[in-house]
Amino acid sequence: MSTICKSCGLPLWNDSQICDACSDNIKQQVKEEYKFNRREKNYQAIRWTNVTLFWIFYFLEVIFSELENGGTPSVLAVFITFWIARYFARNWYSKEENKVKSNFTKIAVTTGIYLSTFIIKQLVVLILLNLIL
Ligand SMILES: [Zn+2]
């Protein structure tokens with residue numbers, strides 16, 4: 001006598017409680033839950049702070065590269081700062097107790113992360129250039 005899948009009711013031919021198809025479905029659902037949802041209501045303050053800072057740094061990069069040598073701005077560098085800062089901001093946000101903090105706190109923390117990322121990145125580049133040259 002075979003048992004029945006607890007999820008869909010089809011007969012099972014092994015000792016498991018859920019058939020393979022249902023088990024794959026559940027795995028897929030779990031995976032989607034862990035995927036970052038940038039539309040989450042509590043995340044918006046961080047999201048827009050990051051985007052605003054990206055544009056500020058982008059325009060600063062354009063202005064400075066124009067003043068320095070009339071050269072092309074290194075847009076990639078601006079993106080790298082953005083990606084690293086966003087990673088750490090999302091990391092901070094992923095802690096349950098930070099999700100419900102005030103927008104002011106979120107904006108302050110995100111700005112702090114962004115500025116630290118920028119400064120550390122500049123220092124690393126300087127050190128690397130000193131080592132190479
Ligand atoms: Zn099933």
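The values are calculated or read from the model by the stated rules, or taken from the named source; none is laboratory data. Keep in mind the model is a prediction, meaning the values are calculated, not measured. All Cβ positions, even for glycine, are placed from backbone atoms using ideal geometry, and neighbour counts span all protein chains on display.
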Exactly one of Ile26, Ile18 is within 40 Å of the chain's Cα centre (by Cα), within 16 Å of the ligand (Cβ to nearest atom) and part of a helix (DSSP H, G or I), and that residue is Ile26
Counting just the residues of the range 3-15 that are in a loop (DSSP other than H, G, I, E, B) and over 40 Å from the mean Cα position of the chain (by Cα), which one comes out farthest from the ligand (Cβ to nearest atom)?
Asp15
Taking the options Phe36, Phe54, name whichever one is of a type in the set (A, V, I, L, M, F, W, C), under 16 Å from Ile107 (Cα atoms) and touching a residue at least 12 places away in the same chain (Cβ under 8 Å).
Phe54
Neighbours by Cβ (under 7 Å, 6+ apart or cross-chain): first from the range 122-133, under 19 Å from Ala85 (Cβ atoms); second loosely packed, with under 10 Cβ neighbours inside 10 Å:
none
What about Gln44, is it loosely packed, with under 14 Cβ neighbours inside 10 Å and either part of a loop (DSSP other than H, G, I, E, B) or within 16 Å of the ligand (Cβ to nearest atom) (or both)?
no
Any idea how many residues of the range 73-103 are over 22 Å from Leu60 (Cα atoms), charged (D, E, K, R) and part of a helix (DSSP H, G or I)?
4
Does Ile63 count as in contact with a Phe, Trp or Tyr (Cβ under 9 Å, 6 or more places away or on another chain) and either closer than 30 Å to Ser7 by Cα or assigned to a helix (DSSP H, G or I) (or both)?
no
Which one of the conditions (1) outside the structural domain of Leu10 (by TED's automatic domain parsing); (2) within 30 Å of Cys5 (Cα to Cα); (3) of a type in the set (A, V, I, L, M, F, W, C) does Cys22 fail to meet, given that it meets all the rest?
(1)
